[in-house]
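Taking it in order: structure first as structure tokens, then the write-up.
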Amino acid sequence: MTASSATPSPQLHAPATRRRGAELTQAIYRATLEELAATSFEELSFEKIAPKAGTGKSVLYRRWSTTAELVLAALKDEDAGLGRPVVPDTGTLRGDLLVLLTKFARLLEEPRGRALRPLLTQRPRHPELFAQVMDQVINPHRIVLLDCMRTAVDRGQAAPERATARTAAIGPRLIVAESIDRGPVPDEEVRAVVDEVLLPLLAL
């Protein structure tokens with residue numbers, strides 16, 4: 001056996017490069033939402049998140065005081081979390097509603113969307129975090145949906161007295177309920193919510 005064959009190649013055994021900066025932050029956010037989606041908020045801990053993100057728990061403790069702070073930051077992130085709401089412009093109320101609710105339904109199939117479930121279903125146990133998630137994560141998306149309804153009013157496609165925050169909340173709630181009950185929400189169910197519930201409700 002030659003010396004070259006007996007000596008392990010340094011490239012094969014070099015330690016993995018540690019993530020830093022934005023790459024590390026994204027890894028932490030994704031690990032947080034994946035762990036939350038797979039378990040529950042009570043079971044979430046920095047000790048479980050750190051190895052998933054490829055870092056040490058001390059890094060998390062230096063940046064976030066609690067898991068609640070980290071969850072909120074992750075959900076608000078534009079890349080790892082629910083992201084910035086996209087404003088559709090299909091020219092019709094039906095088209096805009098289909099774009100928004102279909103995207104929301106697909107989002108609920110991903111870890112970042114499934115991470116919302118324990119926060120919604122366990123609301124009484126964590127009212128403060130639930131309120132923050134609703135205010136800072138969910139409501140910006142509802143506002144976009146409400147704006148689409150109000151634009152439809154301006155185009156003469158919807159009744160002005162029906163374009164309210166309460167009406168805007170109906171579609172997402174139905175999609176969430178269907179997701180919790182049956183799992184992934186098919187496109188035909190999204191169309192049914194739009195055609196059988198929202199459009200009749202908003203009709204002139």
How about region 166-185: which of its residues are open to solvent by 40 Å² or more (accessible area, probe 1.4 Å) and in contact (Cβ under 8 Å) with a residue 12 or more places away in the chain?
-> Ile170, Leu174, Ile180, Pro184
Select from region 94-134 the residues that are more than 21 Å from Arg84 (Cβ to Cβ) and basic (Lys, Arg) and list them in ascending order.
-> Arg94, Arg117, Arg123, Arg125
Within the set of pairs 6+ apart or on separate chains, which have a first residue in region 55-84 that is within 17 Å of Leu44 (Cα to Cα) and open to solvent by 20 Å² or more (accessible area, probe 1.4 Å), a second that is among the aliphatic types (A, V, I, L, M) and assigned to a loop (DSSP other than H, G, I, E, B), and C-beta atoms under 8 Å apart?
-> Thr67/Leu44
Number of the exception - Thr102 against (1) within 22 Å of Ala37 (Cα to Cα); (2) outside any helix (DSSP H, G or I); (3) among the hydroxyl-bearing types (Ser, Thr, Tyr) | (2)
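Yes/no per residue for (1) open to solvent by 70 Å² or more (accessible area, probe 1.4 Å); (2) polar (S, T, N, Q); (3) modelled with pLDDT under 95:
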site	(1), (2), (3)
Pro118	no, no, yes
Arg125	yes, no, yes
Ile138	no, no, yes
Leu199	no, no, no
Selection from region 115-130 of residues that are in contact (Cβ under 8 Å) with a residue 40 or more places away in the chain and over 16 Å from Leu70 (Cα atoms) = Arg117, Leu120, Thr121, Gln122, Arg125
Among (1) within 20 Å of Val185 (Cβ to Cβ); (2) at pLDDT 95 or above, where does Leu82 come up short?
-> (2)
Of the listed residues (Val153, Val193), the one being farther than 20 Å from Ala73 by Cα, more than 20 Å from the chain's Cα centre (by Cα), open to solvent by 30 Å² or more (accessible area, probe 1.4 Å) and not small (Gly, Ala, Ser) is Val153
In this structure, is Leu107 in contact (Cβ under 8 Å) with a residue 24 or more places away in the chain and buried (at least 19 other Cβ atoms within 10 Å of the Cβ)?
-> no
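The values are calculated or read from the model by the stated rules, or taken from the named source; none is laboratory data. Treat the numbers as computed from the prediction; the structure is a model and nothing was measured. FYI the Cβ positions are ideal-geometry reconstructions off the backbone, even for glycines, and counts take in every protein chain you see. The protein model used for the area step is the full one, side chains on, heavy atoms only, and it has no ligands, DNA or RNA in it. Shrake-Rupley method; radii C 1.70, N 1.55, O 1.52, S 1.80 Å.
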